[in-house]
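The values are calculated or read from the model by the stated rules, or taken from the named source; none is laboratory data. Given the structure is predicted, the values throughout are model-derived calculations rather than measurements. As a convention, Cβ positions derive from the backbone with ideal geometry for all residues, glycine included, and neighbour counts pool all protein chains shown.
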Amino acid sequence: MVNGLADWWDGAELWLAQQWFPVQFVLVIVVVVPLCLAAAWVIDKLVDRVAGLFGTGRDDHRPDHS
């Protein structure tokens, strides 16, 4: 299975590398940006959940100095 995935990735990488630069740019923007945004959202939710397990933050106990 890993060899099949590696072969597929090599083919996809070769195909992308042979494309005209504006096509590469658009494909990267269309694919990579949403993946990065989704990964950032997932990481943010995981960090919030793990931080919630350790209790409240320091700012929650600070008196209001308005």
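Before moving on, here are some points about what is shown:
- Any hit, the stretch 12-29, residues being part of a helix (DSSP H, G or I), charged (D, E, K, R), modelled with pLDDT under 95 and surrounded by 10 or more Cβ atoms within 10 Å (Cβ to Cβ): yes
- Residue check, residue 40 modelled with pLDDT of 95 or more, part of a helix (DSSP H, G or I) and under 23 Å from the mean Cα position of the chain (by Cα): yes
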